[in-house]
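The values are calculated or read from the model by the stated rules, or taken from the named source; none is laboratory data. Keep in mind the model is a prediction, meaning the values are calculated, not measured. FYI the Cβ positions are ideal-geometry reconstructions off the backbone, even for glycines, and counts take in every protein chain you see.
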Amino acid sequence: MPFGQIEAVAHNGLRLALERQGGAQPTFVWCGGFKSDMTGTKAQALAEWAHMRGQGFVRFDYSGHGQSDGAFTDGTIGAWAGDALAIIDQATEGTLVLVGSSMGGWISLLASRARPQRIAGLLLIAPAADFTERLMWASFPPEVRREIEETGRWGRPSAYDPEPYIITRALIEDGRKHLLMDGPIPFAGSVRILQGGRDPDVPATHAEALSKLIQSLDLRFDLIPDGDHRLSRPEDIDRLICVANELADRLAS
């Protein structure tokens, strides 16, 4: 890692790996996606941006992800949201902007509800709120649902990994305890959403429906018509950095 040493905080008996850069507030906190880690293209680009700008920045791995302890198959939305709160509470100070990619968008919204005084902004990239129910369970055929219910797991083929992603019954059942899209989502700060129009994993209609539920007086939904789920092309990274700069300037303290 070019900008800092890997540190760790303890949470639920596990070591959560993180990298922290000091700098101006608000501090940006990267919340990654399902089975991703803090070394991805967007997280690295934001780390470089924060270093060049002198902006506070923290990135971390959920339990069972990347360099953190734990097994991925033991993870749930509640556990990973708890990891994010442990990072916020133990490794950050002052005002924050949470940058949530895919599942990290859901985690960021849950964290903002739990720590409203700390979080001044949300930068959501293809936010997969309620994905376990609305994007997984709702689309699974009866035989897959039955396998999950009877055996406790199912191997879902992934376009991003040669090995299937193991979807557990615990993940699905716990996800139902944290659903957000059944009603308004209050948030007092600024919200920016970047969404690809050709995203096969989080449809633009899903992200747009979420944007209409978030009750913020300063919300912008940016649709990138030819963008995919990752939004990691050079032009996508440029747009991400532009939005990060705008939020950093707007929320500077």
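Here is a check on your reading of the model: is A114 hydrophobic (A, V, I, L, M, F, W, C), within 25 Å of L210 (Cβ to Cβ) and surrounded by fewer than 22 Cβ atoms within 10 Å (Cβ to Cβ)? Full working, then the answer.
On the way: hydrophobic (A, V, I, L, M, F, W, C): yes; within 25 Å of L210 (Cβ to Cβ): yes; surrounded by fewer than 22 Cβ atoms within 10 Å (Cβ to Cβ): yes.
So A114 fits the description; yes.
Among the candidates A159, A209, which residue alone is out of contact with any Ser or Thr (no Cβ under 9 Å at 6 or more places or on another chain), loosely packed, with under 13 Cβ neighbours inside 10 Å and touching a residue at least 24 places away in the same chain (Cβ under 8 Å)? Explain how you work it out, then say what you get.
Values: A209 fails: loosely packed, with under 13 Cβ neighbours inside 10 Å.
Exactly one of A159, A209 is out of contact with any Ser or Thr (no Cβ under 9 Å at 6 or more places or on another chain), loosely packed, with under 13 Cβ neighbours inside 10 Å and touching a residue at least 24 places away in the same chain (Cβ under 8 Å), namely A159.
Give the range 191-206 a look and list any residue that's in contact with a helix residue (DSSP H, G or I) (Cβ under 6 Å, 6 or more places away or on another chain) and either surrounded by fewer than 21 Cβ atoms within 10 Å (Cβ to Cβ) or part of a loop (DSSP other than H, G, I, E, B) (or both), or say none.
Here is the first cut: in the range 191-206, the ones in contact with a helix residue (DSSP H, G or I) (Cβ under 6 Å, 6 or more places away or on another chain) are 192-193, 195, 197.
Correct list: G197 only.
Of the numbered criteria (1) surrounded by 12 or more Cβ atoms within 10 Å (Cβ to Cβ); (2) assigned to a loop (DSSP other than H, G, I, E, B); (3) within 19 Å of the chain's Cα centre (by Cα), the one F221 fails is (2). Give the range 212-235 a look and list any residue that's free of Cβ contacts under 8 Å to residues at least 60 places away in the same chain and farther than 18 Å from V97 by Cα, or say none. Once the filter is applied, which keeps residues that are free of Cβ contacts under 8 Å to residues at least 60 places away in the same chain and farther than 18 Å from V97 by Cα, the range 212-235 yields K212, L213, L223, I224, P225, D226, G227, D228, R233, P234, E235.
Looking at A71, A84, just one residue is touching a Phe, Trp or Tyr at 6+ places or on another chain (Cβ under 8 Å), at pLDDT 95 or above and not acidic (D, E), and that residue is A84. Residues in the range 129-156 that are within 26 Å of S108 (Cβ to Cβ), touching a residue at least 24 places away in the same chain (Cβ under 8 Å) and not small (G, A, S): D130, F131, T132, E133, R134, L135, M136, W137. Residues in the range 74-110 that are surrounded by fewer than 24 Cβ atoms within 10 Å (Cβ to Cβ) and more than 22 Å from K177 (Cα to Cα): D89, Q90, A91, T92, E93, G94, T95. Checking each residue in the range 11-41 for being of a type in the set (A, V, I, L, M) and either crowded, with 24+ Cβ neighbours inside 10 Å or touching a strand residue (DSSP E or B) at 6+ places or on another chain (Cβ under 6 Å) (or both) picks out L16, A17, L18, A24, V29, M38.
Report, by residue number, each residue of the range 134-190 that is in a helix (DSSP H, G or I) and touching a strand residue (DSSP E or B) at 6+ places or on another chain (Cβ under 6 Å).
Restricting attention to the range 134-190, the residues satisfying the condition of being in a helix (DSSP H, G or I) are 134-139, 142-151, 169-178.
V144, E147, I148, listed by residue number.
Taken as a whole, the structure places E246 among residues that are over 19 Å from the mean Cα position of the chain (by Cα) and either in a strand (DSSP E or B) or surrounded by 13 or more Cβ atoms within 10 Å (Cβ to Cβ) (or both).
Output yes when any residue across the range 110-118 is hydrophobic (A, V, I, L, M, F, W, C) and assigned to a strand (DSSP E or B), and no when none is. So far as the range 110-118 goes, no, none of its residues is hydrophobic (A, V, I, L, M, F, W, C) and assigned to a strand (DSSP E or B).
Screening the candidates A207, A244 for the property of being within 25 Å of R118 (Cβ to Cβ) and touching an Asp or Glu at 6+ places or on another chain (Cβ under 9 Å) yields one hit, A207.
Evaluation of Q44 against the conditions (1) under 28 Å from V202 (Cβ atoms); (2) surrounded by fewer than 20 Cβ atoms within 10 Å (Cβ to Cβ); (3) of a type in the set (S, T, N, Q); (4) more than 15 Å from the chain's Cα centre (by Cα) shows that the sole unmet condition is (4). Per this entry, Q67 is counted among residues that are surrounded by fewer than 18 Cβ atoms within 10 Å (Cβ to Cβ) and over 14 Å from the mean Cα position of the chain (by Cα).
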